[in-house]
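The values are calculated or read from the model by the stated rules, or taken from the named source; none is laboratory data. Please read all numbers here as calculations on a predicted model, not as lab measurements. Here the Cβ positions follow ideal geometry from the backbone for every residue, glycine too, while neighbour counts run over all protein chains shown. We work out accessible area using only protein heavy atoms, side chains counted, and drop any ligands, DNA or RNA first. Shrake-Rupley method; radii C 1.70, N 1.55, O 1.52, S 1.80 Å.
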Amino acid sequence: MLEKVSLKPYNTFGIDVSADRMLFLRSAEDVDAFLKNRDAYRPFLILGSGANILFTDDFHGTVVHMETKGIRELSRGKNTTYWTRPSRRCLTR
């Protein structure tokens, strides 16, 4: 995890704001570990390609950047299944 990260390269508007912390999820195991411990990263913002977000100020929390490839089932619980796909946040089904 990095601290005081510029978000300029992570949004298509190129707005130069920063995040207190940034966590990169590069594998299904990273995503699964994040989901199991997500309360430790609050407040957090899940960011994919950065095309559908307009930052207007610094983000005081953790930006979670999805860098996973492909789509696959990560885990299955009683009522929830977590999936991941490229440049998309985790989907709940």
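For the range 18-32, a residue qualifies if it is open to solvent by less than 10 Å² (accessible area, probe 1.4 Å) and outside any strand (DSSP E or B), and exactly one does: V31. Scanning the range 11-32 for residues that are of a type outside the set (A, V, I, L, M), within 23 Å of F55 (Cα to Cα) and over 11 Å from the mean Cα position of the chain (by Cα) returns N11, T12, F13, G14, D16, S18, D20, R21.
Close contacts from the range 47-69, counting a first residue that is within 14 Å of R21 (Cα to Cα) and touching a residue at least 60 places away in the same chain (Cβ under 8 Å) and a second that is open to solvent by 40 Å² or more (accessible area, probe 1.4 Å) and in a loop (DSSP other than H, G, I, E, B), with Cβ to Cβ under 9 Å and a gap of 6+ residues or different chains, come to T62/M1; T62/R42; T62/P43. Please name all residue pairs, on different chains or six or more residues apart, with Cβ atoms under 8 Å, provided the first residue is in the range 20-42 and is touching a residue at least 24 places away in the same chain (Cβ under 8 Å) and the second residue is assigned to a helix (DSSP H, G or I). Close Cβ pairs satisfying both conditions: R21/Y41; L23/F34; L23/Y41; F24/D30; L25/V31; L25/F34; F34/Y41. The number of residues in the range 33-70 that are open to solvent by 50 Å² or more (accessible area, probe 1.4 Å), within 12 Å of the chain's Cα centre (by Cα) and modelled with pLDDT under 90 comes to 2. Within the range 33-68, the set of residues being under 14 Å from E3 (Cα atoms), assigned to a strand (DSSP E or B) and out of contact with any Gly (no Cβ under 6 Å at 6 or more places or on another chain) comprises F59, H60, G61, T62, V63, V64, H65. Just one residue in the set S18, S6 is in contact with a Leu (Cβ under 9 Å, 6 or more places away or on another chain) and either at pLDDT 90 or above or basic (K, R) (or both); that residue is S18.
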